[in-house]
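**Q** The structure follows.
The values are calculated or read from the model by the stated rules, or taken from the named source; none is laboratory data. Nothing here was measured: the structure is a model prediction, and the numbers come from that model. Quick reminder, even Gly has a Cβ in these numbers, built from the backbone with ideal geometry, and neighbours come from all protein chains shown. These accessible areas exclude ligands, DNA and RNA; they are computed on the full protein's heavy atoms, side chains included. Shrake-Rupley method; radii C 1.70, N 1.55, O 1.52, S 1.80 Å.
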Amino acid sequence: MKRIAILISGRGSNMAALIAACERERWPAEVVAVLSDREGAAGLERARASGVTTEVVARSAFDSRESFDAALAARIDHYRADLVALAGFMRVLGDDLVERLGPRLVNIHPSLLPAFPGLHTHRRALEAGVRVHGATVHFVTAQLDRGPIIAQAAVAVHAGDTESSLAARVLAAEHRLYPLALRWLVEDRVRIDGTRVSVQGIGPADQLLWHHR
Ligand code: GAR
């Protein structure tokens, strides 16, 4: 059984999708903890309702990123997490922690990376006039939003889309994409070859999900 820790900062809808898929599909895995850097994260209540242990490591309780990262690392160690899934975790982790976790650390980002790293991805996609947008699950490396890409979900940008209509379409795609990709990791099927990632048992085309809606 793989032990999964999920890190959140807010709503936790991706977290909920991961917890649900793990149970429903009977992954050989368990979500052992949901950790939040914010006391008031709505996802904490959702996690508890699913019977998952939650903990807050409040960024505000530490006077430096290093001490915050060290505290977070200690909790991840405590739970003996084999996989650490960032799911709407809105803090940049320091290089030491990223290096320490290595390929156990993955993230979901709401754009087709390397387009639109950072914040406000949907607004920026609309401003750029792209016709296709989406989400990316990737390994986390020291370079923000630049780690090897495990899987991507593509959605069309519709005429008349607003930031919120586009965000909703991408979020629905995220809820399919993240469980798919995390399951591959749980099953030890993911290989990193430089900047490229392959998944045993499927072809590269299956690492791209088209989300029609
Ligand atoms: C998701 O869209 C996720 O991709 C994004 O935050 C949202 C969290 O929603 N993550 C980032 O922007 C990371 N830089 P959720 O809390 O409902 O899963």
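**Q** For the range 125-213, what is the relative contact order in percent, using Cα pairs closer than 8 Å and at least 6 residues apart in sequence?
**A** Normalised by residue count, the contact order of the range 125-213 is 32 percent.
**Q** Quick one: if the Förster radius is 30 Å, what FRET efficiency do Ala142 and Leu208 give, using the C-beta to C-beta distance and rounding to 0.05?
**A** The formula returns an efficiency of 0.70 here.
**Q** Which percent of the accessible heavy-atom area of the chain goes to carbon and sulfur, probe 1.4 angstrom?
**A** 52
**Q** How far is it, in nm, from the label point at Arg26 to the one at His120 when both lie 7 Å from their Cα along the line to the Cβ?
**A** Result: 4.8 nm between the two label points.
**Q** Let me ask another. Return the sequence-ordered ³J(HN,Hα) values of the range 105-114 in whole Hz as given by the Karplus equation 6.51 cos²θ - 1.76 cosθ + 1.60 applied to θ = phi - 60°, using x for Gly and Pro.
**A** 9, 10, 9, 10, 10, x, 6, 7, 4, x
**Q** Under 5 Å between amide H atoms, partner at least 5 residues away or on a different chain: which partners does Thr53 have, H built in plane at 1.01 Å?
**A** Placed amide hydrogens put Val34 under 5 Å from Thr53.
**Q** A further question follows. Can you work out ³J(HN,Hα) from phi for every residue in the range 32-38, in order, using Karplus 6.51 cos²θ - 1.76 cosθ + 1.60 and θ = phi - 60°, giving whole Hz and x for Gly and Pro?
**A** 8, 6, 10, 10, 10, 8, 10
**Q** How would Arg26, Arg100, Arg169, Arg131 rank on accessible area, largest to smallest, probe 1.4 Å?
**A** Arg26, Arg131, Arg100, Arg169
**Q** Measuring with a 1.4 Å probe in the full set of protein chains, what accessible area per residue, in whole Å², belongs to the range 73-157?
**A** Accessible area per residue, the range 73-157: 44 Å².
**Q** What distance in nm lies between label points placed 7 Å from Cα along the C-beta direction at Met90 and Phe62?
**A** My value for the distance between the label points is 1.8 nm.
**Q** Can I ask one more? What is the Cα centroid distance between the range 48-103 and the range 20-38, reported in whole angstrom?
**A** One Cα centre to the other: 15 Å.
**Q** Further question on the same structure: In whole angstrom, how far apart do the alpha carbon centroids of the range 119-160 and the range 164-207 sit?
**A** So the two Cα centres are separated by 13 Å.
**Q** Can you run phi through the Karplus equation (6.51, -1.76, 1.60; θ = phi - 60°) for the range 53-61 and list ³J(HN,Hα) in whole Hz, with x for Gly and Pro?
**A** My calculation for the range 53-61 gives 5, 10, 8, 10, 10, 6, 4, 5, 7 Hz in order.
**Q** Sticking with this structure for a sec: Could you grab the relative contact order for the chain? Cα pairs under 8 Å, six or more apart, rounded to a whole percent.
**A** Relative contact order here is 19 percent.
**Q** For the range 54-142, what does the relative contact order come out to in percent, with C-alpha contacts under 8 Å and a separation of six or more?
**A** Result for the range 54-142 is 28 percent.
**Q** Amide H of Leu86 versus every other amide H placed in the peptide plane: which residues, excluding those fewer than 5 positions away on the same chain, fall under 5 Å?
**A** Amide H to amide H, under 5 Å and 5 or more residues apart or across chains, Leu86 pairs with Leu7, Val106, Asn107, Ile108.
**Q** Still on this structure, I have one more. If amide hydrogens are placed 1.01 Å from N in the peptide plane, which non-local residues have theirs closer than 5 Å to the one on Leu209?
**A** Gln152, Ala153, Ala154
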